[in-house]
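Here's the structure, in structure tokens; my notes come after.
Taken together, the values in this text are just the output of simple stated rules run on the coordinates, not laboratory data. Everything quoted here is computed from the prediction, not taken from an experiment. In this analysis, Cβ positions are derived from the backbone assuming ideal geometry, glycine residues included, and neighbour counts consider all displayed protein chains.
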Amino acid sequence: MAKRGKATSNKRPRTTSPALLPQPAAKPEPAPGKVWRLTESNLFWGGGVGVILVAYGFLLAGALKFSIALIIFGWLVITYSIYRHNFFEGKPKRIQVVCQVLISLSTVAILTWIWLSLLPTTAREETPLVQSQSTPILSTPSNERPEFTLGLGQIYNAYSESEDKTKLLIEVEIRNTGAPSITTDWRIHYKSPTLDQDLRTVRFKNEAEPVVFPLSDDADTGIAFNSSEAINITTARTPIMRGVPAIGRVLVNVPGNKTSELQTGEAVITVTLHDYLKDRDYSGQFKGRKGLPGEALQLLPTDKLLPRSKQRGVNRSKTTVQPQVRR
């Protein structure tokens, strides 16, 4: 009987695909390598650092608000670019968030410090008018202080039907027998049987178009008034020196038609102001009376004349009185 041989198998041994084999965990890229990739990032340099440099250029050119917007945009781009490079890979999520926030805050702190270091130079070079209007620091001996005397001269009044307001152009004279000082805290009060109210001085939106007040009823020319040249504005930036009086005008609007009250003496106008020490009131009063026939406005050294055709007001009426001074 023949012996049976061992059966042989034609099956090939199983093999596992390399793709299915467990792969060793990839090591995080070292920090120096990530920093190197960051320095080669177009987003970091073009969208972040480049925009920041442009923002500082606009700051030096005087475009303050636009430079702030560019700096904020550049800061966001830099923060996002650093985040994309995942510097804290492998760390717990909370630590990653904290570290990213700290980097972002450090970046904005550095950008802000540079911006502030450039700002004072820009302000000095680009805004001389603003600085000239700031309160001067005056050196005053301990035994000497400002000593103002305030007087009100002529008051021109004109009622405007379209606005239902009476325009008052008030002549003010300030004399100083003490230390030099600017004026501050102007207050103008109108009191009559029909009205008891503080008035605000008029500021024009367009100084290129002054209001023209005719010198008299039949005059062809008038006084051109700009609110930027009002005495409360000029004496706020230029000190009044001892023995050199400051004379000018200020314009206010009174609600309604107050022409008759000003002529009959029922209305009292009080102007009050402070010197730079702000610890003392200086006041002057005007009590109206009817003007003399044909009486005209008296020109001041600071007045400018223009043709009457450019006048804005209507129904001219003027009253004059010697100033009643009280300090």
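Under a point spin-label approximation (7 Å from Cα along Cα-to-Cβ), what is the residue 164-residue 96 distance to one decimal in nm?
Simple spin-label model gives 6.8 nm for this pair.
What ranking, highest mean first, results for peptides 179-186, 94-101 when packing means the other Cβ atoms within 10 Å averaged over each residue? Please report the intermediate quantities before stating the final value.
Details: 179-186: 19.5, 94-101: 12.5.
Order by mean packing, descending: 179-186, 94-101.
Please label the shape of the range 181-221 as rounded, prolate or oblate, based on the square roots a ≥ b ≥ c of the eigenvalues of the alpha-carbon gyration tensor (a/c under 1.5 means rounded; beyond that, a/b larger than b/c means prolate, else oblate).
Details: a/c = 2.19, a/b = 1.32, b/c = 1.66.
It comes out oblate by the Cα gyration axes.
List the residues whose amide H sits under 5 Å from the amide H of residue 240, counting only those 5 or more places along or on another chain, with H placed 1.01 Å from N in the peptide plane.
Those lying under 5 Å, H to H, from residue 240 are 181, 182.
Only Cα pairs under 8 Å and at least 6 apart count here; give the relative contact order of the range 241-287 as a rounded whole percent. Could the numbers behind the result be given before it?
On the way: 29 pairs, mean separation 13.5, N = 47.
Answer for the range 241-287 is 29 percent.
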